[in-house]
1. Mean projection of the alpha-carbon convex hull of the stretch 219-324 over all orientations, in nm²?
2. Report the convex hull volume per residue for the stretch 44-96, counting only C-alpha atoms, in Å³.
3. To make sure I understand, if each residue's beta carbon is the centre and we count other beta carbons within 10 Å, what order do 128, 199 fall in, fewest to most?
4. Subtract the Cα-Cα distance of residue 231 and residue 390 from 0.36 nm times their separation in residues, and report this length gain in nm to one decimal.
5. Once you have a ≥ b ≥ c as the square roots of the Cα gyration tensor eigenvalues for the stretch 7-96, tell me rounded if a/c is under 1.5, and otherwise prolate or oblate according to whether a/b is larger than b/c.
6. Mind sorting 191, 383 by how few other Cβ atoms lie within 10 Å of their own Cβ, fewest first?
7. How far apart, in nanometres, would the label points at residue 115 and residue 406 be if each is projected 7 angstrom from Cα along the Cα-to-Cβ direction?
8. If I model a spin label as a point 7 Å beyond the Cα along the Cα-Cβ vector, how far apart are those points for residue 538 and residue 199 in nm?
């Protein structure tokens with residue numbers, strides 16, 4: 001509709017945005033200044049505890065510093081009331097006492113048609129409600145009573161009944177002088193192809209009125225009483241009033257209840273919503289016989305930023321949840337997410353509530369899984385990843401899926417979460433295997449025999465000299481040396497993005513002792529893969545940008561803070577790629593061996609109360625010697641020969657192969 005020039009400006013001038021928004025929020029009195037029209041409140045569009053939603057009443061605009069929602073009074077009414085532009089204008093115009101200019105003849109005709117059909121639908125609601133109390137509905141009433149629906153619930157949801165009579169509704173409405181064309185256009189009756197008398201669409205069914213967000217009846221859903229009926233549930237056909245992909249059952253009441261509960265439940269069908277409402281979960285909606293659509297998801301997010309999708313635990317419910325994932329991933333952004341509550345197999349919300357009570361349902365809702373968990377389950381459930389090819393296929397599938405997320409920061413966090421689960425799957429913690437062994441692809445199973453020395457069982461009880469050993473007490477060196485190597489590994493991979501992908505698996509498995517560097521490592525892995533057609537310089541810049549978006553700080557500044565790392569020429573951007581590859585490979589290998597030494601020392605220290613003095617002291621001495629040898633071959637050290645990378649590699653490999661920190665059997 002084309003409004004006259006100046007009408008919207010006049011409407012905005014007469015509308016107080018503070019009053020419009022104030023109906024939906026609680027103002028923060030400490031931050032707000034009503035005299036200047038400077039108002040603050042928790043955002044109505046996403047869950048938060050602090051007041052980051054700002055209204056500038058004089059300018060007539062709002063903005064949220066958390067989710068970045070912004071707009072004017074018309075936009076606010078559109079979003080919070082889930083109405084179209086003209087409906088929002090009409091709402092504000094009524095409040096401001098301004099008549100809305102008449103629509104064009106075509107638009108006015110469509111509006112008149114919708115109003116007329118809505119009136120016809122209300123007549124049908126009354127008819128079906130009366131039929132539920134007739135003798136023909138005895139079986140339907142018995143079914144509803146068996147399902148635990150009292151009269152108060154039947155009235156609340158306006159549940160009715162359509163008898164088996166072929167033209168009962170048509171004759172009743174025609175008797176009220178409603179034209180046959182309107183009855184058919186409303187989707188209540190069907191005109192046969194042979195031109196005969198129209199017949200009722202719904203027969204032998206319990207009837208559920210479907211209302212839009214404004215409370216108008218726009219359609220019906222009918223549950224068949226005959227178990228042999230072709231469709232157990234039947235919805236109205238699409239009409240000028242009803243688009244099932246843009247409608248939700250119980251939309252209006254759930255939207256109001258959601259504001260109080262700060263939550264929303266998306267169930268599978270009418271009976272689930274009704275059962276939930278009876279148990280106190282009034283903030284429940286359901287799609288209408290189809291999988292959730294993009295439009296329905298947008299409507300759901302307008303009601304609640306993180307709704308819970310509650311689905312039956314059978315195969316159909318799980319498949320429905322996985323379809324929602326594919327739909328939602330491209331639409332995710334800050335302040336718009338989903339959680340999933342999969343009920344026990346064989347139970348729907350009604351069954352669960354009747355058997356175990358509302359508390360059991362609430363407990364399941366409280367433990368609803370984030371979407372990333374279901375995504376991971378979908379990609380890994382029932383599969384075995386016992387070969388590089390299978391793991392590579394999983395990686396490719398996960399990367400392609402995560403690429404659907406448009407928000408780069410959110411995509412990075414998803415990548416980090418997936419990497420955590422991937423590491424747990426491929427490198428599970430085992431009591432008989434140390435983290436350094438998991439991160440070392442060429443290290444065999446340890447042959448160490450704890451508590452034994454030279455084939456003889458060590459006597460128990462350490463002497464005071466062992467307990468006071470400097471080797472047992474010293475902890476400062478390893479963490480510092482490990483941090484230097486961790487910085488070197490990360491700097492080399494960031495400055496040579498192609499090598500970050502080459503060493504991706506070893507990076508994932510490597511144990512980082514410094515939490516801040518582990519965070520940088522996770523951000524690096526989440527930012528892979530790079531785009532092949534970019535130059536090395538572009539790849540590096542792109543990688544750093546993506547990491548900075550995830551971390552919130554510049555990663556290179558932290559890595560270059562160590563002079564020993566900063567001075568290494570092989571780790572710098574532009575260094576020879578072969579030399580850079582060798583440098584990163586060696587630092588990863590030395591780091592793995594170094595952590596192995598630390599683990600051996602820790603094990604020995606833990607056994608102080610049960611290992612003989614000479615055995616313990618020997619193990620600690622050998623471990624510390626190995627640690628010193630590895631430390632001496634540090635970054636920039638010329639002891640292996642200036643520029644002699646192969647000599648350094650051989651020396652290191654000898655240390656690892658011999659595992660001199662382990663006590664040997666003779």
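Each value in this text was obtained by applying a stated rule to the coordinates, not by laboratory testing. None of the values given here were measured: they were computed from a predicted structure. Ideal geometry is used to build each Cβ from the backbone, glycine not excepted, and the neighbour counts take in all protein chains shown.
1. The directionally averaged projection comes out at 7.4 nm².
2. Taking only Cα atoms, the stretch 44-96 has a hull volume of 85 Å³ per residue.
3. 199, 128
4. Gain in length upon complete extension: 53.0 nm.
5. Oblate.
6. Ascending number of Cβ neighbours within 10 Å: 383, 191.
7. Taking the simple label geometry, residue 115 and residue 406 are separated by 3.7 nm.
8. Computed distance between label sites residue 538 and residue 199 equals 6.6 nm.
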